Every structure is written in structure tokens, then in C-alpha cells.
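I have placed the structure first, in the form of C-alpha cells, so that the comments after it can refer back to it.
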């Protein structure tokens, strides 16, 4: 049974943790010469303007592919990743820029369950010593530690305590090690646990037991969880709300029930379609996002998902480098003769890496290039790339490509009876809001 969420005097649930426009950027080192002359080498936007509230006793899941920013968000909450902009508030107190000395006492209330239980435990310490050491670091008197260690071990199922306390990590199974890691985290009485892929390295038979344990801790102790995972099935089981992340942004957030029953964002839909169906005999799911997750150091213009989105259209942010994806995808499907003929027209695909709205494709055979592109457009009328391409013109030195101005979608609530979902997608933001609430309405069809 889920615990009651605390409420303010206004009747609204009061967040225990609030993230507002949180950004974490990591500088790229670049070349030695560039650093000497002070030339900027750019940065990776691991988190880019994320806002999120976590209520007491609530489980919020962060779901997305590798590189989406899930783990960086968790580390930022704990002060383990430097915040570039925005704020993190714990019980109303700003903590994003606290010095290490000021942050240390708060870590008793903000704890982490790491992905790899083997690496998280010191192999030279017994389980009792590992849990007790965390208490020692946070100033718990020696006379109180043994009782608190025993209570924590018993609560996570490592009982009888006298059997497990003297064991070393090498003497435990993977599931038992993760229980010991959880015991160390809860021994300090935390209010928020960041669980970073806590079951991904465990056997399938153990995963459900660890999820059930964390669910019991939430119910019995009122602990809030930020549950980081790429496992959608576990998120559905464990989470109250789910935030779908892509390239450092939340693209959709809502209750777990609604996200799984009625996903709005094309990326969320793609993730759900990618879940293997054991009842179907055959290959992988038919509909998967094309390509790979883009480079966070050079994210796409407009909507970050648009290069992979089957429903993208003109306003989503097309640019010259998207043509590179279109061509490479095409050349995997044509015969060798067509590939050789067309690839000769585009000898330097790397030159397409510009993000400018107007780009020059350098080639001495501009008429042939335009003919090929027009042919691709005719053969693939559903190809989204061409919705954003305004013009292809022959100019001195090559072909000039001009694209529609891009607009980056923002996270807005769906204005629909019974919906709690917010989504960042132009499929919804282009529809006129007739409610006066500032939200967006779901498109027809």
C-alpha cells in the first residue's frame, strides 16, 4: 500500500525535492592548441533545462536510452555532478551550489543505490562494517551503530542478522549484495533514494524481489525514490509517475498508468513498441526509431528527436546534417550500382554537418545532385526530411539548401479530461488552446 503524500495548507502535495530549469553541461577539452589560445571547444549538455518535482513517498521513474541524462540528474541531486544553471531545492532549501562541507550532512537524507553492487561494497569490509562505516562518517555514536546496522539488515531481508553481518561481499549472491547496499543507504534514515539502474546487473529471478523490497521501504518508511532505468516493465510496476528523457530533456511526463496506456510523444511510443513481445514468434519489433541517439555535444536543432521521428514535419528543426542520415539510410537499401553512382555525387558527407538554416552542398555536379534528391523525394513521399526543405537551388560551387526555421518544443500539459501528462512535441503544441489554461489539446487523428 502506498503511503499518504503530505499536503500543504492549500491542499496541494508539497514536493520534498524540486528541480527547476536544471542544466548540467560538461566542457569538451578540445585540442591542446585550442586550449592554449583560449578557443572554446564547446560542451556536452547532459541536462538541458529539466524541471521536476518529487513528493514525499512518491516514486518518479526516469526512463530513456543511454545518454539521455538520467544518471546525471540523479548525481546532480546528490551533489556529485556540478550544476551549470537552474536550481535543486530539498524541502524548500536551495542545495545545488552548496559547498561540499555544507552538502555532507544532507547526504544522510539524500542517498543513492548504485547500479553495480559488486563495485559499491568494499571487498575488505564485512557487511556489518560497510553499513556501520556509513553511520560513522555521519557522526552516529559508536554505541548506537550496532543496533542500527542490525535493524537495517533485518529490514532488507538479510536475516538472521548474525548470519549475514560477518560475511564479506564475496560470500554473498548478487541479490544479497544489492540488499546490503540498500541497507547501507537506509541505515541513515534517508527521505530520498536515487536508485540508479538498481536491478540491471541482477539475475531475472532476483529483480522482482529487489523491486518488491524497495516498494516495501517506500510504504513502510515513506521514502521517495528517483528510479533510473531503461527497463520499462520495472518502471510500470514500481513508479507512480514516469518521465521520459531524451538528450538531456524531459519529453513526456505523467502517471505510469497513463504513460503506458496512452503515450503521446513519438519517442515514448517508440520505446514501448521496442519492448519484445514473447507471444510473437519472429524478429525484433517492426517499428523502431531510425538511427542512433545523436551526439549531445551537437544536439539537433528544434526537437531533439526529429531526425529519428516517423511523425516529424516542417517545424521540427531540419538541417543539412539530416540529409546525411537520409542518404546513408537509403544506401543501405539500394543495390551496389545505385550506391556507387549516387555516392560519387556526395564525396564529402562530413561537409553536411552544418546546423545553419541555409547550407551549401559543394559539388561540381549540382544538377545531378538535385535530380537525385528530387528522385528520393518522389520515391519516399512520407520521408519527413523533405517537409522542412524549402528550396534546392544551383549556385556557384554547388547546391544551396534552405530549411524552415526551427522551433524547440516546450513541455506543456495535455488539456484533456482526466489527463495528467505533459509533453514536448509540436504534434500537440500547434493545436489552438480553447480552454484558456495555457496548455495544449491533443490533435485529431
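With the helix formula -39500 (n - 2.57) applied to DSSP H stretches of n ≥ 4, the chain reaches a computed 222 nm mean residue ellipticity of -9000 deg cm²/dmol.
In the elastic network of the chain, a GNM with C-alpha springs shorter than 10 Å, the most mobile of 60, 395, 181 is 395.
Computed over the alpha-carbon atoms, region 20-146 gives an Rg to Rh ratio of 1.05, Rh here being the Kirkwood radius from the mean inverse distance. With respect to the chain, whose longest principal axis is taken over its alpha-carbon atoms, helix 204-221 is tilted by about 60°. Taking all Cα pairs closer than 8 Å and separated by 6 or more residues, the relative contact order of region 318-403 comes to 36 percent.
A Stokes-Einstein calculation at 4 °C with viscosity 1.567 mPa s, built on the Kirkwood radius of region 159-203 over Cα pairs, returns a diffusion coefficient of 110 µm²/s. Label reach from residue 371 (point 7 Å along Cα→C-beta): in region 316-338, amide nitrogens under 15 Å belong to 338. Of the residues 14, 332, 126, which exhibits the maximal mean-square fluctuation in a Gaussian network model of the chain defined by a 10 Å Cα contact cut-off? The residue with the greatest mean-square fluctuation here is 332. Taking the Cα-to-Cβ direction at residue 125 and at residue 51 and moving 7 Å from each Cα, how far apart do the two end points lie in nm? About 4.0 nm separates the two model spin labels. Taking label points 7 Å from Cα along the Cα-to-Cβ direction, residue 167 and residue 100 give a separation of 3.4 nm.
Applying D = kT/(6 pi eta Rh) to the chain, where Rh is the Kirkwood radius over alpha-carbon pairs, T corresponds to 10 °C and eta to 1.306 mPa s, the Stokes-Einstein value obtained is 64 µm²/s. Remark: relative contact order (the chain) = 14 percent; criterion is Cα-Cα distance under 8 angstrom and separation of 6 or more residues. Please work out, to two decimal places, the log10 of the ratio I(q)/I(0) at q = 0.15, 0.19, 0.20, 0.24 Å⁻¹ from a Debye calculation in which every Cα of region 318-403 carries one identical scatterer. Here the Debye-derived log intensity ratios amount to -0.50, -0.83, -0.94, -1.42. Relative to one another, the C-alpha centroids of region 365-416 and region 167-189 are positioned 55 Å apart.
The long axis of helix 320-331 is offset from the longest Cα principal axis of the chain by roughly 80 degrees. To the nearest ten degrees, helix 366-379 and the longest principal axis of the Cα atoms of the chain are 60 degrees apart. Structure remark: mean-square fluctuation, Gaussian network model of the chain, C-alpha springs under 10 Å; the largest value among 128, 319, 329 belongs to 329.
In percent, rounded to a whole number, the relative contact order of region 232-364 is 16, using alpha-carbon pairs under 8 Å and six or more apart.
The calculated pair-distance distribution of region 104-235 uses every alpha carbon pair, bins of 10 angstrom beginning at 0, and gives 13, 47, 35, 5, 0 percent. For the pair residue 378 and residue 28 in one chain, pulling the backbone fully straight at 0.36 nm per residue adds 121.9 nm over the alpha carbon distance.
Here, each number is a calculation from the coordinates, and none is a lab measurement. Worth saying up front: this structure is predicted, and the values here are computed from it rather than measured. Don't worry about glycine lacking a Cβ; one is built from the backbone with ideal geometry, like all the others, and counts go over all protein chains shown.
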